[in-house]
Amino acid sequence: MREHRSAVFSTGHQFLEGLRWHHGKLWASDFFSKTVKTFNADGSYTDVAEVEGSPSGLGFLDDGSVLVVSQMDRTVVRIGPDGTQSVHADFSQYAGGIGNDMIVTGKGDAYVGNFGFALGEEDPKTTRLVHVSADGSINPVGGEVLFPNGMAITPDRVLLTAQTWRHCITAFDIQEDGSLANERIWAQLDDSVHPDGIALDADGGVWFGNALTLESDSGFYRVVEGGEITDRVAIDGAWSVTCAFGGDDLRTLYMACNVTTLEEFHDGKSTSVVATANVGYKGSPAM
């Protein structure tokens, strides 16, 4: 396994999620400050929107709008180019827990996850992903998944999602109508590993954050189909939560590292930084 070094890129945040690279800038959601942020090349940042329901997954539409999962409301909020907000989709009837990560396709379709249960209060329970069409219509899709988290779409239209509490990356084939079929385990991981946000590289590897640990096994790992771990960026003392490839050549791995525990997270306590690493791979362009 190859080891890579990281460097601090941006500080002063609370709990960062949903890293995305779009139109030359890094974007992120900060759960606890309830803000959507963009970052400049020097690590400085701008709060571009406040989402009262606490923002999570991010995606973008061709008209310049931004889609944001509003966690507590269990909705997808649309932020127009002029900054106005509206409800794009309400998926609360299908969510067993608060809203979580999301990926948006080039056609404007979105796949949205939710916790499935009240974290820290209930035993883990399965849930389903929700497909949100470009027009805002919603349908549950795929099979029963346990704490679905980061998602990526391969060039051959396979949706990959991390199941944090099943310690695996799961694959689905995307159908023409947006439904998901042929569920299978793409990579089974060790039971000590809790994959969170993921990013796909151009060579077919998946980079994932190993969340829920502050120990030396925290870090961002690269896994290939079948489960072999090939690379790691060690992050000691913070949850390794989400990552995205960015930069003009998509060769910089941006990583959100959050210092918290399950108890502190439940109480809204965390500090967060964005780190970067040059890992020798190029990110796969958004599908």
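Below are the figures for this structure:
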quantity: Any pair with Cβ under 8 angstrom, 6 or more apart, that starts in region 262-278 at a residue that is in contact (Cβ under 8 Å) with a residue 40 or more places away in the chain and closer than 17 Å to GLY197 by Cα and ends at one that is among the hydroxyl-bearing types (Ser, Thr, Tyr) and not in a strand (DSSP E or B); calculated: ALA275/SER6; THR276/SER6; ALA277/SER6
quantity: Hey, ARG251 within 19 Å of GLY150 (Cβ to Cβ), charged (D, E, K, R) and under 19 Å from the mean Cα position of the chain (by Cα) or not; calculated: no
quantity: Complete set of residues in region 240-274 that are of a type in the set (A, V, I, L, M), under 12 Å from HIS13 (Cβ atoms) and in contact with a Cys (Cβ under 8 Å, 6 or more places away or on another chain); calculated: VAL241, ALA256, VAL273, VAL274
quantity: Residue among SER56, SER70, SER86, SER65 that alone is free of Cβ contacts under 8 Å to residues at least 12 places away in the same chain, closer than 22 Å to SER133 by Cβ and in contact with a strand residue (DSSP E or B) (Cβ under 6 Å, 6 or more places away or on another chain); calculated: SER86
quantity: Qualifying residue in region 269-285 (condition: out of contact with any Asp or Glu (no Cβ under 9 Å at 6 or more places or on another chain), outside any strand (DSSP E or B) and farther than 30 Å from ASP123 by Cβ); calculated: yes
quantity: Residue within region 163-185 that is at pLDDT 95 or above, in a strand (DSSP E or B), among the aliphatic types (A, V, I, L, M) and exposed (fewer than 14 other Cβ atoms within 10 Å of the Cβ) present; calculated: yes
quantity: Residue that is within 20 Å of ALA152 (Cβ to Cβ) and among the hydrophobic types (A, V, I, L, M, F, W, C), where the choices are ALA199, ALA238, ALA234; calculated: ALA199
quantity: Residue in region 123-130 that is surrounded by fewer than 19 Cβ atoms within 10 Å (Cβ to Cβ), without any contact (Cβ under 8 Å) to a residue 12 or more places away in the chain and either under 22 Å from HIS266 (Cβ atoms) or in contact with a His (Cβ under 9 Å, 6 or more places away or on another chain) (or both) present; calculated: yes
quantity: Yes/no for ASN100 being among the polar types (S, T, N, Q), touching an Asp or Glu at 6+ places or on another chain (Cβ under 7 Å), within 21 Å of LEU58 (Cβ to Cβ) and not in a helix (DSSP H, G or I); calculated: no
quantity: Residue count for region 134-165, restricted to those that are over 25 Å from ASP191 (Cβ atoms) and in contact with a Lys or Arg (Cβ under 9 Å, 6 or more places away or on another chain); calculated: 4
quantity: Identity of the residue in region 236-258, among the hydrophobic types (A, V, I, L, M, F, W, C) and in a loop (DSSP other than H, G, I, E, B), that ends up surrounded by the most Cβ atoms within 10 Å (Cβ to Cβ); calculated: ALA238
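The values are calculated or read from the model by the stated rules, or taken from the named source; none is laboratory data. The structure displayed is predicted, hence computed values, not measured ones. Glycine gets a Cβ as well: all are built from the backbone with ideal geometry, and neighbour counts include every protein chain shown.
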